[in-house]
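Asker: Can you keep this structure in mind? I'll have questions shortly.
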Amino acid sequence: MAVEVGDEAPDFTLVDEENVQVRLSDLRGRNVVLLFYPFDFSPVCTTELKEITRTRGRYDAAGAEVFGVSVDSWFTHRAFKRDEQLSARLLADFHPKGAVASRYGAYVDEAGFATRLTFVIDSKGIVRRKVVSSVPEARNAEEYLEALADCPL
């Protein structure tokens with residue numbers, strides 16, 4: 001079952017690019033933007049995450065943590081974040097492959113990766129915005145910043 005606006009965001013624990021565990025429920029009190037994406041180092045994914053880095057101050061002002069989630073390993077995430085100088089924390093939905101993306105309705109079984117699906121989650125853990133984007137097209141980051149304006153801290 002896919003996660004929808006108004007639902008409590010399903011809890012999960014994944015490791016970031018430093019192999020540090022991140023548990024969604026531990027982030028209560030902060031707004032969260034989850035960006036499911038296909039692969040590290042792919043052109044569109046790189047463009048999107050660089051845009052998040054460019055506008056980082058606006059996410060900080062909204063009290064938001066931004067997380068990119070893909071099926072890549074934390075080793076790959078570490079190189080991607082370093083080489084592309086990204087600010088978002090990158091979570092490895094590596095093993096079991098795509099388990100968290102599947103829970104959120106983002107995993108594409110026949111392709112073996114997550115689609116471009118974004119969730120804006122408020123400080124109480126409730127999904128306030130869900131946006132599905134086409135895999136070959138970059139997301140509109142402005143949409144998430146607008147959604148965060150409606151998320152109280």
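No lab work stands behind these numbers, since they all come straight from the coordinates. Treat the numbers as computed from the prediction; the structure is a model and nothing was measured. Don't worry about glycine lacking a Cβ; one is built from the backbone with ideal geometry, like all the others, and counts go over all protein chains shown.
Asker: For segment 75-91, what are the residues that are among the hydrophobic types (A, V, I, L, M, F, W, C), over 20 Å from VAL132 (Cα atoms) and crowded, with 18+ Cβ neighbours inside 10 Å? Give the steps one after another, and end with the answer.
Answerer: Initially, segment 75-91 is screened for residues among the hydrophobic types (A, V, I, L, M, F, W, C), giving 75, 79-80, 86, 88, 90-91.
Those still in the list that are over 20 Å from VAL132 (Cα atoms) too: 75, 79-80, 86.
Result: PHE80, LEU86.
Asker: Then there is this: Does VAL127 fit the bill of being within 22 Å of ASP16 (Cα to Cα) and touching a residue at least 12 places away in the same chain (Cβ under 8 Å)?
Answerer: Yes: the conditions hold for VAL127.
Asker: Suppose the filter is among the small types (Gly, Ala, Ser) and either touching a residue at least 40 places away in the same chain (Cβ under 8 Å) or more than 22 Å from PRO10 (Cβ to Cβ) (or both); does GLY68 pass it? Break it down into steps so the answer makes sense when it comes.
Answerer: On the way: among the small types (Gly, Ala, Ser): yes; either touching a residue at least 40 places away in the same chain (Cβ under 8 Å) or more than 22 Å from PRO10 (Cβ to Cβ) (or both): no.
It is false that GLY68 is among the small types (Gly, Ala, Ser) and either touching a residue at least 40 places away in the same chain (Cβ under 8 Å) or more than 22 Å from PRO10 (Cβ to Cβ) (or both).
Asker: Please determine, by comparing only the residues of segment 4-38 that are buried (at least 18 other Cβ atoms within 10 Å of the Cβ) and either free of Cβ contacts under 8 Å to residues at least 24 places away in the same chain or not hydrophobic (A, V, I, L, M, F, W, C) (or both), which one is farthest from GLY105 (Cα to Cα).
Answerer: Filtering segment 4-38 for residues that are buried (at least 18 other Cβ atoms within 10 Å of the Cβ) and either free of Cβ contacts under 8 Å to residues at least 24 places away in the same chain or not hydrophobic (A, V, I, L, M, F, W, C) (or both), the one farthest from GLY105 (Cα to Cα) comes out as GLU17.
Asker: Turning to a different aspect of this structure: With the condition kept exactly as written, say whether any residue in segment 87-97 is among the small types (Gly, Ala, Ser) and farther than 22 Å from VAL127 by Cα.
Answerer: Yes.
Asker: Still on this structure: Just one of the numbered conditions (1) surrounded by fewer than 16 Cβ atoms within 10 Å (Cβ to Cβ); (2) more than 15 Å from the chain's Cα centre (by Cα) is not true of ALA62; which one?
Answerer: Of (1) surrounded by fewer than 16 Cβ atoms within 10 Å (Cβ to Cβ); (2) more than 15 Å from the chain's Cα centre (by Cα), only one is false for ALA62: (1).
Asker: Let me ask you something else. Out of the residues in segment 75-93 that are small (Gly, Ala, Ser) and closer than 21 Å to ARG58 by Cβ, which is nearest to the chain's Cα centre (by Cα)? Before you say what the answer is, go through the steps one by one.
Answerer: In the first step, residues of segment 75-93 are kept if they are small (Gly, Ala, Ser); the result is 79, 87-88, 92.
Adding the requirement that they be closer than 21 Å to ARG58 by Cβ leaves 87-88.
Details: SER87: 12, ALA88: 9 Å.
If we take residues in segment 75-93 being small (Gly, Ala, Ser) and closer than 21 Å to ARG58 by Cβ, then ALA88 is nearest to the chain's Cα centre (by Cα).
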